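First the structure, in the form of structure tokens, and then the observations on it.
What follows draws every value from the coordinates through simple rules; no lab data is involved. Not measured: the values here are computed from a predicted model. Glycine also receives a Cβ, built like all others from the backbone with ideal geometry; neighbour counts cover every protein chain displayed.
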Amino acid sequence: MAIDAQRASTPQSWVSTVMDHPEVATARRDVRASIERLATLLAGASERGSLLVRRLTWDRLAELLECTTRTVARLLSRLHSCRLLGRVAPGRSAQYAPLDESGERHAESAVYVLAVPSAGDVHAVDSGDESVTPPHPPVSSNTPSRASAMGAHEAASLAAMEEARQSGRRLSGPADRRLIEGLPASHRSPFWDVHRVPATRVEMLAAAAEMRRRSLPLRRASLRAIRAAARDFWVSGWSVADVLAALDHRPDGSLWPHSGAHGVRSVRAWTCYRLRRWRDRQGQPIRSTSTRRREERMALLAQQETDRLERLAARQRAAERPATAATRQLVEEARRACRAGASRLRHPQPTVG
């Protein structure tokens with residue numbers, strides 16, 4: 001069976017090959033850091049000559065990397081897919097391991113070999129050869145994975161949002177709507193400025209996507225349902241941050257006793273119930289928290305300016321009083337007398353005699 005990888009020459013060169021691989025070099029910064037730490041651990045635990053890695057279970061790797069075993073599995077799978085790590089023997093947990101002489105079961109770690117992609121064709125080898133990585137089915141570049149397609153769609157949506165923000169263009173039309181509706185519920189980068197008030201229906205859909213990204217209970221709701229629940233608040237001048245704060249706090253500033261992360265059957269009913277507290281008797285949204293704080297701040301600044309003008313006018317009135325003018329004249333005459341005395345002391349008149 002033909003393979004396209006071979007055993008690495010040294011552990012140090014293998015780590016360099018891993019970090020220079022295109023799939024690793026183009027990964028996110030945190031993923032690159034995790035792969036580098038894992039590669040350093042595997043290289044340090046490899047045997048001299050054979051470059052085999054034994055006695056490193058997933059639990060031990062997770063403890064050394066300070067992560068979960070699922071993260072270790074994803075990192076190892078990424079190295080396997082890049083032809084950078086071969087599995088010679090699979091491991092198994094303690095419950096499936098045979099009994100030893102003392103009648104106990106112990107987990108068996110998998111055996112890996114440090115590999116590098118082969119530059120040319122390699123002859124067929126036996127599947128039990130522990131110096132090479134097992135073959136992997138080829139992946140065509142014309143059929144990208146679903147995760148890659150979602151990442152590309154998310155990147156296109158974020159690029160369109162950034163272009164619209166820089167140019168000042170309003171989001172509208174079916175093209176922008178399709179980009180927003182295709183966003184995943186937990187995309188990494190912010191999609192909408194939480195302090196900006198959406199104006200159009202498409203912008204409200206983008207604001208709903210940002211609300212769904214930031215609120216765990218809303219991830220089970222559709223964008224249209226979130227937009228329908230918060231639409232009249234946005235029309236009243238509320239921002240995304242105001243609506244999210246209203247879902248967590250009552251109008252008096254106290255927190256709701258239930259976070260909504262568990263036990264919510266209808267997300268839309270839960271959202272409408274909490275936002276109902278922020279309506280008046282006619283059903284219209286009241287002033288948001290940020291609006292009240294902004295108005296209180298403006299009132300405070302206006303009061304400070306009024307106090308400053310009053311103090312300035314009081315000083316001017318005090319300066320115009322006659323008694324004050326006479327006092328200033330006396331002070332000025334005293335200063336002139338002092339200066340004349342000091343001048344006589346510095347330049348005394350000669351005495352005749």
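Overview of results
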quantity	calculated
ALA326-GLU305 FRET efficiency (beta carbon distance; Förster radius 30 Å; 0.05 resolution)	0.35
Segment ALA314-GLU36, length gained on full extension (0.36 nm per residue, minus Cα span)	93.0 nm
Efficiency of FRET from Cβ geometry, ARG177 and CYS272, R₀ 25 Å, rounded to 0.05	0.60
Ranked CYS272, CYS82, criterion: other C-beta atoms within 10 Å, fewest first	CYS272, CYS82
Binned Cα-Cα distance frequencies in the range 289-339 - 5 Å width, integer %	4, 18, 11, 11, 11, 9, 9, 7, 6, 5, 4, 3, 1
D (Stokes-Einstein, µm²/s), Kirkwood Cα radius, the range 1-74, 0.692 mPa s at 37 °C	246 µm²/s
Residue exposure sequence - TYR273, TYR112 - by fewest surrounding Cβ within 10 Å	TYR273, TYR112
